[in-house]
1. Assuming L241 fulfils every condition listed in (1) farther than 16 Å from M331 by Cα; (2) open to solvent by less than 20 Å² (accessible area, probe 1.4 Å) apart from one, which condition is it?
2. What tally of residues in the range 185-212 results from selecting those that are open to solvent by 70 Å² or more (accessible area, probe 1.4 Å) and either in a helix (DSSP H, G or I) or more than 30 Å from E353 (Cβ to Cβ) (or both)?
3. For the range 84-112, which positions are within 22 Å of P168 (Cβ to Cβ) and either touching a residue at least 60 places away in the same chain (Cβ under 8 Å) or in contact with a Cys (Cβ under 8 Å, 6 or more places away or on another chain) (or both)?
4. What pairs can you find where one residue is in the range 440-463 and open to solvent by 10 Å² or more (accessible area, probe 1.4 Å), the other is within 15 Å of the ligand (Cβ to nearest atom), and their Cβ atoms are less than 7 Å apart, with a gap of 6+ or different chains?
5. Of the residues P504, P523, P528, which single one is farther than 22 Å from Q398 by Cβ and surrounded by 12 or more Cβ atoms within 10 Å (Cβ to Cβ)?
6. Suppose we filter the range 147-181 for residues that are closer than 21 Å to S75 by Cα, buried (at least 18 other Cβ atoms within 10 Å of the Cβ) and not aliphatic (A, V, I, L, M); how many remain?
7. Could you give every pair whose Cβ atoms fall below 7 Å, whose first residue belongs to the range 390-417 and is open to solvent by less than 10 Å² (accessible area, probe 1.4 Å), and whose second residue is more than 16 Å from the ligand (Cβ to nearest atom) and hydroxyl-bearing (S, T, Y), counting only separations of at least 6 or pairs across chains?
8. Considering every residue within the range 521-541, establish whether at least one is in contact (Cβ under 8 Å) with a residue 12 or more places away in the chain and within 16 Å of the ligand (Cβ to nearest atom).
Amino acid sequence: MEMLSGAEMVVRALQDEGVEYIFGYPGGSVLHIYDALFQQDKVSHILVRHEQAATHAADGYARATGKPGVVMVTSGPGATNAITGLATAFMDSIPMIVLSGQVRSDWIGDDAFQETDMIGVSRPVVKHSFMVRDAKDIPEIMKKAFYIATTGRPGPVLIDIPKDQTAPNVKNPYEYPKKVKMRSYAPVSRGHSGQIRKAVEELMKAKRPVIYAGGGVIQGEGSELLTKLAHRLNFPVTNTLMGLGCFPGTDPQNVGMLGMHGTYEANMTMHSSDVILAVGARLDDRVTNNVKKFCPGAKIIHIDIDPATISKNIMAHIPIVGPVHQVLEEMLSALDEHGGEPDQKALERWWEEIEGWRKVHGMRYETNENGPMKPQQVVEALYKATGGDAYVTSDVGQHQMFAAQYYKYDKPRRWINSGGLGTMGFSIPAAIGAKVAFPDRMVWAIDGDGCFQMTAQELVTATVEKIPIKVALLNNSYLGMVRQWQEMFYEERYSEVFLSKDVPNYKMWAESMGCVGIRVDDPEEVAPAIARANEINDRPVVIDFRVAAAEKVYPMVPSGATNSELMVPPSQQDLPR
Ligand SMILES: Cc1ncc(C[n+]2csc(CCOP(=O)(O)OP(=O)(O)O)c2C)c(N)n1
């Protein structure tokens, strides 16, 4: 058997897992591993400029490909810098492996230089964690870590590796396990057939049904089957922010995103429904708002891989635990066996009502003739110029909501954002991860000026590593989403939300980082600037779009209200509801 050091084992295990890229930042406790990395050429390393960005880049890679993203950081501050990215991935169920260096085993607990209890610090935001106590265990730990991260409800796994366990002069036999055995971890592989039959009965009886699909459909590779099911039943489909793209955004059966900033028709459809088929969605507070008043007349069928998610916030009448792909396949077969059809007359009436909502209050915004450009305009222009086919990452705030509302995602994995944690600084590194995965595809980061300033240094990484992402900066000089809340709910007391109109100079900043920098003030210049950016493929591009500062995201379900009580823009307030 081959004899390898712990450091060599880590790198070899990555190779054996088929890992092509890792995102990381070196330091004392991972020196041996970086040395082993240097002496091979199968796994490429992207040197980020901050460890948080390594986690978001790995996360973007994972969301775009469905494969786990891999991160390597040193102990202490390197590892703690990775916490926000771990939490981001954890909240959105993204498969990720974080390899963190640790101080020598015999120094643990001594407050040694750069010692942090990473197992302890990361515990609430990882699916699982391992501490390497003996280098001989590394192959098995690596195998288990990848298995846990990618199966069941995916999530991040941390492996903490004390430096002595990677010492180059201590060699042990290496054999990568073919299988893993874990008594305490056995994710379900199919749904309960009795529950699925019960669900089909309910779907057949429904008069006002809706399919409510979340990020789990994308993570569980269920998009095709969900689309087939929805078309077969002719039911309306609404997506969560995380689910955008799991059912085509341009399909007439798609009533749009639901929740706090969802469409009028999606929120009304949900609120007025009698049967909800929830698939890979968490029924979180952005969707339910006031749980006591949530969808008062609806029976809920809830499909999820994670039993802990079902009935966590809202009681499910028919819970189905299982992998989305498998359960949807079983459901389609159960429909065949049942042989019946949904109530067509009732469905016709239901669709008429939905179309009425869509016609009167469908998503739109006011443009002003000579006024400043609207952020929605930029997103629409981007959608047009990319044929809806770009990988779009977004940051957090108003621009994120505009990107969700005005770019139509027809395919899964094209929309990449931090939905659960809402992590500012996500979009640029995530775009780097997506572009590394798909170098020939267009990757646009839709960013806000506040968010841009959190991880903009990663444009240096993008330039140096030749990862030509594009950034559409919707620059309103404010922390716009917070400003919106202060305007609407704090009587316009704008506390600490104004950034600056002219500092930094984004064009010059972008140029100093090796990117092409473009500034756009005139709405007429939006489309030409995007076209110009799309022609540039040898370096990153940043377009600083100077958009209207006072624009607000509508519709909006205010805190504590039901989804039917959503606020519409002033121009729609007098329209019938
Ligand atoms: C790391 C972090 N800090 C604070 C927040 C709270 N927050 C949410 S949106 C937002 C404003 C973002 O501003 P900007 O990037 O300019 O985007 P805009 O809303 O103007 O489009 C803030 C501060 C957050 N989500 N993440």
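The values are calculated or read from the model by the stated rules, or taken from the named source; none is laboratory data. Nothing here was measured: the structure is a model prediction, and the numbers come from that model. Counting neighbours? That spans all protein chains shown, and the Cβs are built from the backbone with ideal geometry, glycine included. Keep in mind that these areas ignore ligands, DNA and RNA; they rest on the heavy atoms of the full protein, side chains included. Shrake-Rupley method; radii C 1.70, N 1.55, O 1.52, S 1.80 Å.
1. Among (1) farther than 16 Å from M331 by Cα; (2) open to solvent by less than 20 Å² (accessible area, probe 1.4 Å), L241 violates only (2).
2. Qualifying residue count for the region: 8.
3. Narrowing the range 84-112 to residues within 22 Å of P168 (Cβ to Cβ): 99-108, 112.
L99, S100, G101, Q102, V103, R104, S105 - these are the residues of the range 84-112 that are within 22 Å of P168 (Cβ to Cβ) and either touching a residue at least 60 places away in the same chain (Cβ under 8 Å) or in contact with a Cys (Cβ under 8 Å, 6 or more places away or on another chain) (or both).
4. G450/G397; G450/M424; G450/L479; G450/L499; M454/M424; M454/G425; Q457/H50
5. Values: P504 fails: farther than 22 Å from Q398 by Cβ; P523 fails: farther than 22 Å from Q398 by Cβ.
From the options P504, P523, P528, the qualifying one is P528.
6. 7
7. Y407/Y383; I416/Y391
8. Filtering the range 521-541 for residues in contact (Cβ under 8 Å) with a residue 12 or more places away in the chain gives 521-523, 526-527, 529-534, 536-541.
Checking the rest, the ones that are also within 16 Å of the ligand (Cβ to nearest atom) come to none.
For the range 521-541, residues in contact (Cβ under 8 Å) with a residue 12 or more places away in the chain and within 16 Å of the ligand (Cβ to nearest atom): absent.
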